[in-house]
Amino acid sequence: MSNIYHLLSERLPLLRRGLGGGACSFSIGGIHPEDNKLAANSPLQALPPEGTASIFLGQHIGAPAEAIVSKGERVKTGQLIAKASGWVSADIHSSVSGTVVAVEPVADLSGIRQPAITIQVEGDEWLETIDRSPEIIREIPSDSAVIIKKIAAAGIVGLGGAAFPTHVKLSPPPGKKAGILIINAAECEPFLTSDHRVMLEFGEQALIGALLLKQALHASKAFIGIESNKPDAIRELQKIIRERGYELQVVRLKKRYPQGGEKQLIDAVTHRRVPSMGLPADVGVAVQNVGTALAVYEAVQKHKPLIENSITITGKNLPQQINALVRLGTPLSRLAALAGGIPAGTGKIVCGGPMMGKAIVNMDAPTTKVTSALLFIPHGEAQRRKASNCIRCAKCVQACPMGLEPYLLIKLTQRSRYDELRANRMSDCIECGCCLYSCPAHIPLLDYIRMGKGELKSSKLKVENYPTDGHRL
Amino acid sequence: MQTIILTVVTLTALGAILAAALYMVAQRFRTEEDPRIDEVAALLPGANCGGCGFAGCRALAEAVVKSETMDNLYCPVGGSEVMQQVAACVGRTVEAREPMIAVVRCAGACSLRPPTSLYDGAASCRIEAALYKGETDCLYGCSGHGDCERACLFGALRIDAATGLPVVDEEKCTACGACVKACPKRIIELRKKGPKGCRVFVSCVNKDKGNVARKACKAACIACAKCSKACAFGAIAIEENIAYIDFTVCRLCRKCAAECPTGAIRVNGEWRMENGLAPSPLNFNP
Amino acid sequence: MVSPAPHAHGSDTTRRLMRDVIIALLPAFAVSVWFFGWGALQVAAVSIATCVALEWVIQKFLLRTPPQTSDLSAAVTGLLLAMNLPPGAPWWVVLTGSVTAIGIAKMSFGGIGKNPFNPALVGRVVLLVSFPVQMTRWALPRGFATTDAVTGATPLALLKEGLNNGLTVEQIFDNADFTYLELLFGRIGGSAGEVSALALLAGFAYLLARRVIRPYIPVSILATVAAFGGILWWANPERFIDPLFHLLTGGVLLGAIFMATDYVTSPMHPKGMIIFGIGIGALTMLIRTFGSYPEGISFAILIMNAAVPLINKYAKPKRYARNV
């Protein structure tokens, strides 16, 4: 019965959009945080390299790369400086040209020192093989192996936030085939606008990137999921697709958080649901971020490795809202300076969106491949409110997009009841923050759930979770 | 009258039938159990703390009875004395072990370790440690949210309000190791209780280079190696920028503590830098 | 400042939710004041004041925790208790009720969020069992006009008494002086909160619109009551009254909308909520038609409250992923 329904709903996209004002959405839970897309109208501006750039060796899930340059060596922009040290690993390229001044640990966002290569910027001399002309190259190589090889060589990782090496994701395990490609352009996190600007300014390039990904996967269909709060991006992409006759389809998604969560997006677009601890490939789907698609275009068609990404610099108190194209390894303090410095009354600085981003303690930390935003939250809003007793209102259960019971999970975590945690699907949690957002008693639900997930893993109950792309929610 | 008789008869009959059924079920599913398990369990402290690595005292008793040797079977709460009795009960012998105690290897009191950020999440060391380096620049030091205090079943640990560090109550600590497991920064260590409760240890686990460590905390071990040179017994090793005193070798001469420039080496809980004194004279805590 | 994600928080607070419940109760309360006059007002004032004061005192002096009466949950309990009592009930009856509700049913379990039974209902039921005379002396709706209390029976009690005397439904209502329209608007005898169906439904709409409660519990209770009553009525219209009467009388609406939906004592997810609602509906009708009390929803809710942990354990929400 459900198979027939799925078949029908795939054949007739309009049928399943009947409800919900013509936009698709996931079926369980979700919340409606304030949109706050303050920077939506600021065009992307390129930030020229300057000073020093510190590039981390472990910017991706998997083994950190191994440095192949040493102190004193001169490097060009786009030059390979660290090699992938395994299959699940990614190459790292220099984002600037200049002299390597150190190959030693540098403090990251949370003040923990991580191995990195620091380069003193001298001019901006690019590698000759990189095609920097604005001309759009539309022919697509037919051999998927060539595409995947070029993607691997460019060090591309999932730019949604999980930083899983893309070439690994494009090679699904034997026996599984991803027939459907979904490009994640939901950008459901409040404040974030960098993907939005990419679609408006590099729409066609991103679409060609999507076609390349589709070719690499031999997928029969490709959808681009965009939340309905970006009507201009939807129109723009639809226009290009119509004019060029691309075999892509834009899907309008309802504005609802976490619409851009990988599992939620798959549910919204295909009505398939990834099994517990499964991969999207288990239901024949692959999800890639729109930023990744653009990087794939540049890597395959222009031979340009992943050395810069688009970052939103935003905040309610910030005088200027900025979207910038930033080279990897630029210190965050430079980004703050670009937007006029840290505004007075800032209580918390977050790297990423307000729902899933990481609070920063070290403003000198360099950007990485997956940095999507720098967000300044005023003091009053930043502070967590005092937790009181759980009133069992079930708002967390209602909000959980995975259909879990957060109130129960934290109770079981506090009592270390691992068997029951497993029975209640603790490991399905995607850490989207909906439970904490909706809790009227301000209980730090997600804090404890995260801890419980960690303990569940270490308690030898084998829980292997696929790191998900598509976290630029 | 008839009603009363009827009721009494019915209920009595019902009771008899059900009792018979219960008896039969109990007979049918009876399990034979070694009576020594009960004997051993009676010897154990009964705190069910899990310090032995088993689910509770009875689980340890079962393991003792079933196992051939006494290896890896040790109740830290009862200590050597109880284990001797247990071994005697099952007809084996066991070597005497020295009593242990939990020591806190961090001296970074609030006044010595200036905070550089403000943590606003759930009050749990483990959650904070998973999130970031901590409120101060020392990413190895105690975060002071009291995970150890909550883990201790014996009430032997409490967070001192003034220093923000846990304090071990010598009387109550049973060395069950629950706090050692609870601490995400691995600050707490089980060490030999020592004669008259005297212990010498490096109260710091900061693996940063000396200058970085010192900048973050005035009480940090800076791996200057003065202590290892002073030690006549070779008990002090310096690895990864941190000195460690091997308590199986240490003879408690306390020369190292006199040499330590930052006062990271402590004799018991005594530590004089807190009061701005030079860390030279030694004295015991009674 | 640093904290784990998320860094944004919704606008819901316990206080806001409780305030919304009070606002939703106001129309029904206003109607009861309109019909019953000072009696209703006085009961409510005593009940709310004692509930809030008692919680404050217990938290401050017995538990020695910072008092949290500002979250308004005690005020909600007080108001709900008042709505469940006959208008003009003596002050000492009301006081006993609030001491039972807050002191025994709520704070002794650890305060807000910990109580297994709905405090206001525990208060009411204890009063009903302890002081049956005062608790069934219903003032008739006379408004502010007269000061001396005229008392009479509720429609349900009238029905029960009549049926027990061997009358048929038709015969009973030949003598009664109310119509369904009056049931809807509230010109009947009864406890303060159960008189006006329309005002209660308005409160229901408000709670739904503010997303304070979800419709599963009230709807499943009302549907069960209607179905149960409908089957009986269809089988024997002489012995049993029609379902509409059951829905409009005896606090079914008050219970279904405000008492059964109490967060603390109701299940956590739709499936459980529906089981809970059906249970309450069925028990209510069993007590009403076959039990000795004319009214049953209080007992039904309390009985189902006891089943909530079990329901929560076995009725799980719809998971995203189907298989493990």
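The values are calculated or read from the model by the stated rules, or taken from the named source; none is laboratory data. Everything quoted here is computed from the prediction, not taken from an experiment. Reconstructed Cβ throughout: ideal geometry from the backbone, glycine too, with neighbour counts over all protein chains shown. Side chains included, ligands, DNA and RNA excluded: accessible areas come from the protein's heavy atoms. Shrake-Rupley method; radii C 1.70, N 1.55, O 1.52, S 1.80 Å.
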Exercise for review: Sort out which residues of the range C:72-125 are of a type in the set (Phe, Trp, Tyr) and under 25 Å from C:THR249 (Cβ atoms), and write them in order of number.
Suggested key: C:PHE117
Revision key, fill the gap. Restricting the range A:97-144 to residues that are part of a strand (DSSP E or B) and in contact with a Phe, Trp or Tyr (Cβ under 8 Å, 6 or more places away or on another chain), the one nearest to A:LYS83 (Cα to Cα) turns out to be A:ALA116
Exercise for review: May I ask you to list pairs of residues, at least six apart or on different chains, whose Cβ atoms are under 8 Å apart, with the first in the range B:225-250 being under 21 Å from B:ASN211 (Cβ atoms) and among the small types (Gly, Ala, Ser) and the second being assigned to a strand (DSSP E or B) and open to solvent by 30 Å² or more (accessible area, probe 1.4 Å)?
Suggested key: B:ALA225/B:ILE238; B:SER228/B:ALA237; B:SER228/B:ILE238; B:ALA243/B:ALA237
Exercise for review: Could you grab the pairs with beta carbons closer than 8 Å, sequence gap of 6+ or different chains, first residue in the range A:239-265 and surrounded by 19 or more Cβ atoms within 10 Å (Cβ to Cβ), second one among the aromatic types (Phe, Trp, Tyr) and part of a strand (DSSP E or B)?
Suggested key: A:LEU248/A:PHE223; A:VAL250/A:PHE223; A:VAL251/A:PHE223
Point to revise | Residue among B:LYS209, B:LYS193, B:LYS172, B:LYS181 that alone is of a type outside the set (Phe, Trp, Tyr), open to solvent by 20 Å² or more (accessible area, probe 1.4 Å), more than 25 Å from A:LEU446 (Cα to Cα) and within 14 Å of chain A (Cβ to nearest Cβ) | key: B:LYS209
Check your understanding: Residues of the range A:219-238 being surrounded by fewer than 24 Cβ atoms within 10 Å (Cβ to Cβ) and under 22 Å from A:THR312 (Cβ atoms), which ones?
Key -> A:SER228, A:ASN229, A:PRO231, A:ASP232, A:ILE234, A:ARG235, A:GLU236
Check your understanding: Which condition does A:SER110 not pass, out of (1) at pLDDT 90 or above; (2) open to solvent by less than 50 Å² (accessible area, probe 1.4 Å), if it passes all the others?
Key -> (1)
Point to revise | Matching residues, the range B:75-87, being open to solvent by 20 Å² or more (accessible area, probe 1.4 Å) and at pLDDT 85 or above | key: B:VAL82, B:GLN84, B:GLN85
Point to revise | Test: residue in the range C:301-319 that is charged (D, E, K, R), within 22 Å of C:ASN115 (Cβ to Cβ) and within 14 Å of chain A (Cβ to nearest Cβ) | key: yes
Study note, to complete from the structure: Considering residues that are in a strand (DSSP E or B) and farther than 25 Å from A:SER194 by Cα, the number found within the range A:46-96 is 8
Review point. Quick one: in the range C:68-116, which of the residues that are within 14 Å of chain A (Cβ to nearest Cβ) and free of Cβ contacts under 8 Å to residues at least 40 places away in the same chain is farthest from C:ALA306 (Cα to Cα)?
Key: C:THR69
Review point. Which of the residues that make up the range A:174-199 are free of Cβ contacts under 8 Å to residues at least 12 places away in the same chain and on the phi < 0 side of the Ramachandran plot?
Key: A:PRO174
Point to revise | Looking only at the range B:125-160, and only at residues there that are aliphatic (A, V, I, L, M) and within 22 Å of B:ALA216 (Cβ to Cβ), the one that is most open to solvent (accessible area, probe 1.4 Å) | key: B:ALA130
Exercise for review: Those residues that are open to solvent by less than 30 Å² (accessible area, probe 1.4 Å), free of Cβ contacts under 8 Å to residues at least 60 places away in the same chain and part of a helix (DSSP H, G or I), I need them from the range C:11-32; list them, please.
Suggested key: C:MET18
Study note, to complete from the structure: When B:ILE4 is run through (1) surrounded by fewer than 16 Cβ atoms within 10 Å (Cβ to Cβ); (2) under 30 Å from B:CYS152 (Cβ atoms), the failure sits at (2)
Practice item. Check A:ALA216 against each of (1) in contact (Cβ under 8 Å) with a residue 60 or more places away in the chain; (2) open to solvent by 10 Å² or more (accessible area, probe 1.4 Å); (3) more than 19 Å from the chain's Cα centre (by Cα) and name the one condition it does not meet. Key: (2)
Revision key, fill the gap. Output for Cβ contacts, cut-off 9 Å, separation at least six or different chains, first residue on the phi > 0 side of the Ramachandran plot in the range A:266-281, second assigned to a loop (DSSP other than H, G, I, E, B), reads A:HIS271/A:SER27; A:MET277/A:VAL463; A:MET277/A:GLU464; A:MET277/A:ASN465; A:MET277/A:TYR466; A:MET277/C:ALA321; A:MET277/C:VAL324
Exercise for review: Just one of (1) buried (at least 22 other Cβ atoms within 10 Å of the Cβ); (2) more than 7 Å from chain C (Cβ to nearest Cβ); (3) in contact with a strand residue (DSSP E or B) (Cβ under 8 Å, 6 or more places away or on another chain) trips up A:TYR437, so point out which.
Suggested key: (2)
Study note, to complete from the structure: Scanning the range C:202-213 residue by residue, the ones that are in a loop (DSSP other than H, G, I, E, B), open to solvent by 60 Å² or more (accessible area, probe 1.4 Å) and free of Cβ contacts under 8 Å to residues at least 60 places away in the same chain total 1
Practice item. Kindly establish whether A:LEU294 is modelled with pLDDT of 90 or more and either part of a strand (DSSP E or B) or within 14 Å of another protein chain (Cβ to nearest Cβ) (or both). Key: no
Review point. Of all the helices (runs of 4 or more DSSP H) wholly in the range C:218-324, which have at least 3 residues that are surrounded by fewer than 17 Cβ atoms within 10 Å (Cβ to Cβ)?
Key: C:270-290, C:297-314
Practice item. Look through the range B:90-139, keep the residues that are hydroxyl-bearing (Ser, Thr, Tyr) and within 14 Å of another protein chain (Cβ to nearest Cβ), and return whichever of them is nearest to B:SER203 (Cα to Cα). Key: B:THR136
